[in-house]
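Worksheet: one structure, shown below.
Values quoted throughout were computed directly from the atomic coordinates according to the rules given, and no laboratory measurement underlies them. Here the structure is a predicted model, which means the values were calculated and not measured. Every residue, glycine as well, gets a Cβ built from its backbone with ideal geometry; the counts of neighbours run over all protein chains shown.
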Amino acid sequence: MAPMRGSKGAGIAALMLALCAAPAGVLHAEHTVPRQQLEPEAHTGRTEKSVAHAKSYMISTANRHASEAGREMLAAGGSATDAAIAAQLMLGLVEPQSSGLGGGAFLLHWDETAKKLAAYDGRETAPATAQPDRFMKDGAPISWPAAAHSGLSIGTPGLVRLLEHTHRKHGKLPWAKLFDPAIRLARDGFEVSQRLYFMLRWFGADMFAPAARTYFFDSTGSPRPIGHRLRNPDYAATLQALAEQGAEAFYAGAIADAVVTAAREAPKAASDLTRDDLSNYQVVERDPLCAVYRGYRICSMGPPSSGGLAVVQTLKMVERFDLGRGPDAAANVPAMHLIAEAERLAYADRARYAADPAFVPVPVSGLLDPGYLDARSALIDPDRAMERAEPGDPPGADRAALGLDPSLDATGTSHLSVIDAEGHTVSLTTTIEGAFGSGVYAAGFLLNNQLTDFSFRPSDAEGRPIANRVEGGKRPRSTMAPIVMFDADGNLFATLGSPGGDRIILYVVKTLIGLVDWELDAQAAIDLPNFGSTGEAMQLEYGMSAVWKGLMLKSYGHKIAPDLMNSGLHAIARRTGGLEGAADPRREGVALGD
């Protein structure tokens, strides 16, 4: 764990470390990796925020420039999809550490007129020639850093296809208009923010391929300072081509050539990404994954994301318990214990069963079977943490046929939420995987390192194939969990989501329970200290409240792992009289509307 600055912070850190019974790192592909390597954005500060209100429309994103771009489209009569696209194009410029054209995304769309929820999968895919032993050497997995910052990690980007696909279905404004704000700012330049500067300083110039290093750092290897006006004419040119020619300009022609060349010239190891991989990429329309929790219908993405599945499993397993009602009960210790135990069981199932359903039969209906979830919930002791959470035997699954996957997800991800004037809604979680992705740069944007979300081992110690092993054309398992939720009458209630790698499930569950059980407004639900478990220790966000709560949770038998737990939640809720927006104080975003 990284130390907290200042005497008060140092005191809290010392107290939290005294509670810690888990190593200051996490297991990723059988290697202990410092948490900061997976979650480096935690070092860039916290800014308290107030709940935002609007009458007609609202957007909440991780950066003011992106929120303003989205609001510009909404003010022009654009749809939620138009606003989301404009905001995403801007995020690729001003928040390049988290998402961009070189990555992928999952998008939920609620059509208020047709009363229909759609789910779109723009997840990256492995190159066609990728083999299960991609991340193995001499019979053992290579290290996560060696894989992440090389061409081996680069998947076929899906974001641009996703944006065009959803615009054709749900857009109102002309496609080219959506590019105007990002093109302007790329040409004119934007001021480097504190977050971007500290991220660059943390990683250092050596992580980046030469073209990216020249863009982000000066000749001495120092990052562009806070307030420096950073111009990106290459990104502007790429956006201009996409505005004029559509997504085909990305998946064929000069941009595709630039992507393939940069990937094949990546440091440490060349990529096997080809022009055919790009031209063959397709968005997949999937059935949303939905369940009812305390009268609210909560919907998310299904596989290849494990996020929605684990969120819903967790909620259904704690539904039989009283977690407390009202703001005074928020994040009470008995409820934190119950939630973490349910999460441990959900993560155990995730490790066994979740993967790309085109390659592995994922027993979604079995994992959500009421009888199965009742049996899993019965394993939760209200007074004591279980020794070990094991995967279950859901109906329709062959538990013995699949191995356990120890890998975790990295956190170069962002989330945005939009509700337009007609009530149409978008929940978009977007990623390039680790912060700054692979560090490889092409045509003004960074390429992802998404393939590190696959299991590094193709099989477990008993020789059983791992569901999330690498295979050509396969989409790696994700934890992203964009949410759209409805009240008991079927009316849209809220949209939300978060980055956070393997912890996304924890952040989303906390916020949903904050909204439903603890009856908080959207900002207060996001502001709650983060907590939960991805399988072993109880993870607690640094702070004085975590010190005494950690002591109490140790009495339940929990191992305590304090950390910075940097979420990036962005939410909008419908309330009587209008919309209520919120942005995570742990990042630099804002909710804007009218």
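Hand me the GluC sites (Glu not before Pro) from region 324-394 located in a DSSP loop with no more than 13 other Cβ atoms within 10 Å, in residue order please.
Glu387
Counted by neighbouring Cβ atoms within 10 Å, the residues Trp202, Trp518, Trp144 run from fewest to most as Trp202, Trp518, Trp144. Qualifying trypsin sites (Lys or Arg not before Pro) in region 51-111, where qualification requires a DSSP coil assignment and no more than 15 other C-beta atoms within 10 Å, comprise Lys55. Cβ crowding within 10 Å, taken as a proxy for footprinting-reagent exposure, orders Phe531, Phe208 from fewest neighbours to most as Phe208, Phe531. With the biggest extent put first, the Cα atoms of the chain measure 63, 60, 54 Å across the principal axes. Taking the alpha carbon gyration tensor of region 333-424, multiplying each eigenvalue by 5 and rooting it gives semi-axes of 26, 21, 16 Å, largest first.
Seen from all sides and averaged, what is the projected area of the convex hull of the Cα atoms in region 209-347, in nm²? Can you show the working numbers first?
Working: hull surface 59.9 nm².
One quarter of the hull surface, i.e. the mean projection, equals 15.0 nm².
List Asp517, Asp393 from most exposed to least, where exposure is judged by having the fewest other Cβ atoms within 10 Å.
Placing the least packed residue first, the sequence is Asp393, Asp517.
Annotation note: trypsin sites (Lys or Arg not before Pro) in region 359-391 located in DSSP loop regions with a Cβ neighbour count of at most 16 within 10 Å are Arg388.
Projecting the Cα atoms of Leu200, Pro499, Gly423 onto the charge dipole of the chain, computed from C-beta unit charges around the Cα centre, puts Leu200 farthest toward the positive end. Sorted on the mean count of surrounding Cβ atoms within 10 Å across their residues, most packed first, peptides 462-470, 563-571 read 563-571, 462-470. Amide H to amide H, with H built 1.01 Å from N, Lys474 comes under 5 Å of Ala126, counting only residues 5 or more places away or on other chains.
Which value does Rg/Rh take for region 476-557 over its C-alpha atoms, Rh per Kirkwood?
1.01
Step through the table entries Lys115/Lys169; Lys55/Lys172; Lys316/Lys474; Lys49/Lys510; Lys115/Lys172, compare each Cα-Cα distance with 26 Å, and write down the pairs that go over it. Pairs exceeding the cut-off: Lys316/Lys474. Derived value for region 456-594: Kirkwood hydrodynamic radius 17.2 Å. Basis is the mean of 1/r over every pair of different alpha-carbon atoms.
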